[in-house]
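Engineer: One structure coming up, written as structure tokens, with questions to follow.
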Ligand SMILES: Nc1nc2c(ncn2[C@@H]2O[C@H](COP(=O)(O)OP(=O)(O)OP(=O)(O)O)[C@@H](O)[C@H]2O)c(=O)[nH]1
Ligand SMILES: [Mg+2]
């Protein structure tokens with residue numbers, strides 16, 4: 001009996017979360033704003049990718065990034081140096097961002113002041129999969145150093161994503177290979193967009209921005 005009660009409390013939490021997420025999605029659509037949720041493993045390169053994206057887009061767009069971590073403001077501080085406005089959510093022990101945490105941050109700002117909103121979710125390939133934050137697209141980042149089975153072992157988070165990013169392709173070689181990861185991500189959904197990046201060298205960053213559906217004005 002106790003077990004059943006726990007399940008129903010959890011189900012209720014998902015229902016409440018999904019309703020807030022849907023409200024966020026509708027607000028963004030109505031206001032013609034873009035909102036993306038970047039998930040991925042610990043250390044896969046989420047923050048460095050967002051630093052690159054923020055630097056590339058900031059001359060043309062107002063970018064607002066919400067970083068989720070258990071502790072510290074390291075990631076928000078890093079991305080702020082690339083021209084985006086950032087805020088860090090510390091979850092304490094929490095392993096994911098939720099729609100209500102995001103809504104609380106949106107309540108503190110004027111949505112109309114920004115064009116593009118991006119969350120960096122807490123690093124792991126499990127919990128964020130279950131918690132819709134109201135983004136129009138979910139992006140999952142893994143890196144080639146995480147082993148050839150990382151996507152096969154975590155299919156759920158990829159099923160809920162539109163874009164899979166295989167990062168750290170600059171160290172591709174005998175020990176690390178992107179081929180299996182690209183194949184595995186492509187097999188999960190026929191319409192999955194799979195992009196190999198190196199946040200270090202900036203390889204693939206413009207492809208990722210294009211996959212998000214963001215126009216990059218031509219350089220003069
Ligand atoms: N060689 C190489 N290193 C990278 C690349 N991307 C990130 N790194 C390095 O990997 C480490 C982790 O990068 P982060 O961007 O902090 O990773 P993260 O996914 O944000 O990590 P958490 O927020 O802690 O989950 C840093 O030392 C980065 O410099 C890449 O494309 N190539
Ligand atoms: Mg990070």
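Engineer: Considering each residue of segment 151-170, count those that are under 20 Å from residue 43 (Cα atoms) and in a loop (DSSP other than H, G, I, E, B), and give that number.
Structural biologist: 3
Engineer: Among the residues of segment 171-203, which ones are surrounded by 15 or more Cβ atoms within 10 Å (Cβ to Cβ), near ligand 1 (Cβ under 9 Å from one of its atoms) and not in a loop (DSSP other than H, G, I, E, B)?
Structural biologist: Within segment 171-203, 198, 203 qualify.
Engineer: Looking only at residues in segment 20-57 that are more than 16 Å from the chain's Cα centre (by Cα) and part of a loop (DSSP other than H, G, I, E, B), which one is nearest to residue 204 (Cα to Cα)?
Structural biologist: Here the residue is 33.
Engineer: Quick check, is residue 121 buried (at least 17 other Cβ atoms within 10 Å of the Cβ) and in contact with a helix residue (DSSP H, G or I) (Cβ under 6 Å, 6 or more places away or on another chain)? Don't jump to the end; show me each part of the working.
Structural biologist: Numbers: buried (at least 17 other Cβ atoms within 10 Å of the Cβ): yes; in contact with a helix residue (DSSP H, G or I) (Cβ under 6 Å, 6 or more places away or on another chain): yes.
For residue 121, the condition - buried (at least 17 other Cβ atoms within 10 Å of the Cβ) and in contact with a helix residue (DSSP H, G or I) (Cβ under 6 Å, 6 or more places away or on another chain) - is met.
Engineer: Given the condition within 15 Å of ligand 1 (Cβ to nearest atom) and either more than 19 Å from residue 164 (Cα to Cα) or without any contact (Cβ under 8 Å) to a residue 60 or more places away in the chain (or both), answer yes or no: does some residue in segment 105-116 qualify?
Structural biologist: No, segment 105-116 has no match at all.
Engineer: Look at segment 71-113 and say how many of its residues are part of a loop (DSSP other than H, G, I, E, B), more than 16 Å from ligand 2 (Cβ to nearest atom) and either on the phi > 0 side of the Ramachandran plot or buried (at least 16 other Cβ atoms within 10 Å of the Cβ) (or both).
Structural biologist: Residues meeting the conditions: 3.
FYI, it's all coordinate maths here, none of it is from the lab. For clarity, every value in this text was computed on a predicted model and none was experimentally measured. Using ideal geometry, Cβ is built from the backbone for each residue, glycine included, and neighbour counts are taken over all protein chains shown.
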